[in-house]
1. Where does the chain land on the Kirkwood hydrodynamic radius, alpha-carbon pairs, in angstrom?
2. Using a basic spin-label model with each label point 7 Å from the Cα along Cα→Cβ, how many nm lie between LYS92 and ARG135?
3. Please check which bits of the range 17-59 a label hung off TYR180 would reach, taking the label as a point 7 Å along Cα-to-C-beta and the cut-off as backbone N under 19 Å.
4. Provide the per residue accessible area, probe 1.4 Å, for the chain, rounded to a whole number of square angstrom.
5. Exposed loop sites here are trypsin sites (Lys or Arg not before Pro) in DSSP loop states with at most 10 other C-beta atoms within 10 Å. What is the longest stretch of the chain lacking them?
Amino acid sequence: RVRAELIPPPVYHSVITQFLNNVDILEREMFALMFILVYRTGMRKKELLGLRYIDIEGLYESTPLMMVRSNRYRTLKTGSSNRRIPIFALLKPNELAFFIRYVQSNVGTNPNKFIFTLSSEQSPIEDHVPLQLLRRILQDILGSKNTLNYTFHAFRHTAVSNLSLVLQGHIDLIEALSDY
């Protein structure tokens, strides 16, 4: 069954705001960053959850790249899934500043540490957690009937659609359909 799911910019911004205002103070920035990255990069859930601080290059030059590669947590879908993602080019300026600030303040002395880990854990959060959180947040924003239209994977679809639009679309269309 094929479903084309897109997250409109107002819903995306509401999701990020809900995370920053209503999630536990120790975890709110981590979850907000998770959804910023999936919305802007289109990374697969396991790719995102398996990111370690060591996978970030150029952080102190303000041009960070993320390396997506297999590690002990996850394997990639295909051999060509190994790639560098230019975070500095995909995130909006305020999101990039948030990303840099978060990573620089959390990397600590162990760069092999996973980025998306609960404060009380060492391993990445389980892959069902992002969808559960998203459903709760969307219920607060949209009500229970409208949450079925949005999944974690919809953020991936949206990123690809937005990137295609930015690369090939007319400026009026880009401004109307995305927040770029």
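1. 16.9
2. About 2.9 nm, to one decimal.
3. 35-44
4. 54
5. In short, 78-180.
The values are calculated or read from the model by the stated rules, or taken from the named source; none is laboratory data. Just so you know, these numbers come straight off a predicted model, no measurement behind them. Positions of Cβ are generated from backbone atoms using ideal geometry, with glycine treated the same way; all protein chains shown enter the neighbour counts. Just so you know, the surface numbers come from the protein's heavy atoms only, side chains and all, with ligands and any DNA or RNA stripped out. Shrake-Rupley method; radii C 1.70, N 1.55, O 1.52, S 1.80 Å.
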